[in-house]
Structures are given as structure tokens and as C-alpha cells.
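Each reported figure results from applying straightforward, stated rules to the coordinates on display, with no laboratory input. Model, not experiment: these values are computed from the prediction. Note that each Cβ is placed from the backbone with ideal geometry, even for glycine, and that neighbours are counted across all protein chains shown.
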Amino acid sequence: MNVKNGDERVVIFIDGSNLYHILKGLFLERKPNDFNFEKFVRYLANNRKLLGTYYYNVPLDIMHDSNSYMKQQKFFEKLKRIPQFNFVLCRMLKRKIDGKIIYEAKEDDIHLAVDMVKLAYTDAYDTAILVSSDGDFVPAIQAVKEKGKNVENIGFENKFSYHLQQESDKFLKMKKEVVKQFFV
């Protein structure tokens, strides 16, 4: 793709649950909810034309832990106030396995993949920036690239996907020292 840096249109896709667990693993002493997403997406856009950010996550179960649920809702409200930040709430599946209640995020990965491909096919961006270490996104990356779009993958020193790294046009493995600047 031959686009000047300032004219390049980018859209950022964030796998919220994946990022939450990565940040929690990197910074045991910090609350992932104190992460400054607005500053983070500006950093990723890097003087390119940021058309929007799509953030995918699932709500916690209020009946299981109302305190955590309320903290998460407050965090979600903070995200919704960021300009051009599209918040996509998916669903949490509650299942009982061997007498234990298990919670699984559902639909978040598929929503992200479909949006990334759909927006590529409607020429909504030149470059997709995928913030995830989940190798399941490889087919979506391939579809986006078939449409002539670039894909950048953001991984982290404590977790990244070799397969995403190989399929993406550009890969950035963020070090803890760099990520630290995005905490309030």
C-alpha cells in the first residue's frame, strides 16, 4: 500500500479481555482499569489518521460479584466517553461443569473478526491495528490482506502470538517500560 503517513487511515481493534489479562500479568501492582486507552490509541495511530477504535468485551455477572461488576461498569462508562471509541459489548456464558460454575466470554472474537473484515471490504481503512495475542484471528487477517489492506498486530513481551506476528504486515511487541506510560 502506498499511502503517505499522515494520509494513512487506521482503525484499531482491541480484544478487551485479552488485553485486560495481559496488563494484569505485566503489572500485578496496578489496576488494569487505570490504563489510559485514549493515550494508548493515539500512540498506536502514530500521526496517522485514526478513524476509530473498536473495543470488544463482556460484562461480568452481577450476581457472582456485584463489586467487580460495578467497577467494570464504571470502567466501561469511561471508555464510552473517548472520542471515536466504539464499545462492543458481547455476552458472558455461565455454565456448570463438574459442580463448578465456569464463565466464558462469547462472541467477542467473532464480532471483532467480522468487523475487521467488513470494514476492510467497505474500504473504511487502509490499515487495521489488531491489539490481541489470540492466534484465532489469523483467518481474519488473511481476509483483510486479500482486500489489499495492511494489518499491524500489537503483542506484548509477556504474551504474543507467533502466528499473528507471521501473518501481519507489521508486528510490534510492546515492552513493559513502554506500556507503563499508559497508566494513570
Sequence-distant aspartates and glutamates (8 or more away, or on other chains) whose Cα lies within less than 16 Å of Lys175: Glu157
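Please go through the residue pairs Lys49/Lys176; Lys49/Lys149; Lys80/Lys176 and name each one whose alpha carbons sit more than 19 Å apart in this structure. Intermediate values should be presented prior to the final figure.
Numbers: Lys49/Lys176 26 Å; Lys49/Lys149 15 Å; Lys80/Lys176 26 Å.
As for pairs spanning more than 19 Å Cα to Cα, those are Lys49/Lys176; Lys80/Lys176.
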In Hz, Karplus ³J(HN,Hα) per residue of the stretch 140-154 (6.51, -1.76, 1.60; θ = phi - 60°; x = Gly, Pro): 5, 4, 4, 5, 5, 5, 4, 8, x, 9, 8, 10, 10, 10, 9
Segments 123-132, 41-50, 63-72 sorted - mean Cβ within 10 Å per residue, highest first: 123-132, 41-50, 63-72
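Sequence gap at least 6, Cα distance under 8 Å: using those rules, report the relative contact order of the chain to the nearest whole percent.
Over the chain, the number comes to 25 percent.
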Convex hull volume per residue for the stretch 44-184, taking Cα atoms only, in Å³: 143
For the stretch 109-118, 3J(HN,Hα) per residue [Karplus equation, 6.51 cos²θ - 1.76 cosθ + 1.60, θ = phi - 60°, Hz, x = Gly/Pro]: 5, 5, 4, 4, 4, 5, 4, 4, 6, 4
Amide H partners (placed H, <5 Å) of Met174, local residues excluded: Gly155, Phe156, Glu157
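Taking only DSSP H segments of four or more residues, each worth -39500 (n - 2.57), what value at 222 nm results for the chain once the sum is divided by all its residues, to the nearest 500 deg cm²/dmol? Intermediate values should be presented prior to the final figure.
Numbers: 7 runs with 68 residues, N = 184.
Mean residue ellipticity, 222 nm, calculated: -10500 deg cm²/dmol.
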